[in-house]
1. Which one of these does L255 not meet: (1) among the hydrophobic types (A, V, I, L, M, F, W, C); (2) in contact with a helix residue (DSSP H, G or I) (Cβ under 7 Å, 6 or more places away or on another chain); (3) within 18 Å of G297 (Cβ to Cβ)?
2. Just name the residue that is nearest to L332 (Cα to Cα) out of those in the range 162-207 that are more than 16 Å from the chain's Cα centre (by Cα) and among the polar types (S, T, N, Q).
3. Looking only at the range 296-304, decide whether some residue is over 18 Å from E144 (Cα atoms), of a type outside the set (A, V, I, L, M, F, W, C) and at pLDDT below 95.
4. As an exercise: evaluate L363 against (1) outside the structural domain of G225 (by TED's automatic domain parsing); (2) within 18 Å of P304 (Cα to Cα) and give the number of the one condition it does not meet.
5. Can you confirm whether V295 is crowded, with 24+ Cβ neighbours inside 10 Å, among the hydrophobic types (A, V, I, L, M, F, W, C) and closer than 22 Å to T126 by Cβ?
6. Hey, can you tell me all the residues within the range 33-42 that are touching a helix residue (DSSP H, G or I) at 6+ places or on another chain (Cβ under 8 Å) and either surrounded by fewer than 24 Cβ atoms within 10 Å (Cβ to Cβ) or not assigned by TED's automatic domain parsing to the domain that holds R368 (or both)?
7. For the range 115-125, state whether one or more residues are over 18 Å from T278 (Cβ atoms) and among the charged types (D, E, K, R).
8. Can you tell me which residue is farthest from P120 (Cα to Cα) among those in the range 188-222 that are part of a helix (DSSP H, G or I) and charged (D, E, K, R)?
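The values are calculated or read from the model by the stated rules, or taken from the named source; none is laboratory data. The shown structure was predicted, so the numbers you read here are calculated from the model rather than taken from an experiment. Positions of Cβ are backbone-derived with ideal geometry, glycine not excepted, and every protein chain shown enters the neighbour counts.
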Amino acid sequence: MRITHLTASTFYGGPERQMLGLAEALPPHVESRFLSFPEGGRSAEFVGVLRDHGYPARTLTHDTPHFRAAVREVAAEVRESAADVLLCHGYKSNILGRLAARRVGIPAVAVSRGWTWEGPKMRAYTRLDKWHLRLMDHVVSVSEGQAAKVRACGVPERRTTTIRNSARLAALTEPDAADCAKLHGQFPPSAGVTRVVVAAGRLSPEKGFGVLIGAAARVCATDPGVGFVLFGEGDERAALEALVAARGLAGRFQLPGFTADLDRYLPWADVVVLSSFTEGLPNVLLEASAAGVPVVGTDVGGVPEVIADGETGYVVPPGDAVALAARTTQLLGDADLRRAMGDAGRQRMRTQFTFAAQADAYLRLVERLVGPRSLAHAG
């Protein structure tokens, strides 16, 4: 069986880690290949990682607005590799990949992870993607919450499957004490920070980081030893920095930018929080739980599927800074509770969010979609 992934990768982030994890978990007779649109040269990072892991990966020559040339190129690549199915990641890959797969005569499957509100252009792309999902041969949603949104777009239930994101357990089991020092080093010594709350994500409106800053102000007002670190980059940076200053959180709430080393810092967080208004299945919560860290997240998308409320962390209403602050304060004030919830979260990841289960689900789906023709490529 041969699977080709089509993406528009701009860095080695959460979705990319999920693609690589899936490829590594599939059985030996399944060949995984990767194509990425150039994205102004930013695809090189993910393509390089894939090649370092031994997978055929290529940056395409053509990109938008050269739609016809891009479709022809993708079709030629898929035909040459004799792919059985094209897994499409993101709106551009969905639209152009479906057209290319149709030329070759193989199924095009969209992997729906959620949508962003970052600027008018992205909102327009989101609307286009929601409409276009109805034309895909099949749609994989990363959570039941995302699947409900996909069905609301008009995709028939028979053409949808939920296959959850997975936690990278092996990458989070041997933390380095030097990374603890680096995490605490985000704060000036004068801040007196002894416990750290971590958040991460694109700095865009749907992530609710303004709410997080409001919650942080409440937490820090009652606990002088707490600091917040928000890893990520995006168009909201200036507004968030201004809000941090306005709430008197200078030195206590840090925005160091995007980091490729998030999994090195997560095990040293005391609590990980997610303040989003919308989500698919957030990798940061999966990886925090895999690292044995308790989590607080909003009741959106697949978050309630990750957090066992009251056992591995807490689920709070979106937009509610008071509730977010209260649950975060509760965890920060009880080391035994943090330890118990962290242990329960790690166990939950081991039993319910594995790449082995994800690979098995994809294998069953592809076999169902392509039928006996896949057997011709089995080793």
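1. (3)
2. The extreme case among them is T194.
3. Checking the range 296-304: not a single residue is over 18 Å from E144 (Cα atoms), of a type outside the set (A, V, I, L, M, F, W, C) and at pLDDT below 95.
4. Only one criterion is unmet by L363, namely (2).
5. The answer is no for V295.
6. Scanning the range 33-42 gives a single hit, R33.
7. No, the range 115-125 contains no residue that is over 18 Å from T278 (Cβ atoms) and among the charged types (D, E, K, R).
8. Only one residue tops the list, namely R218.
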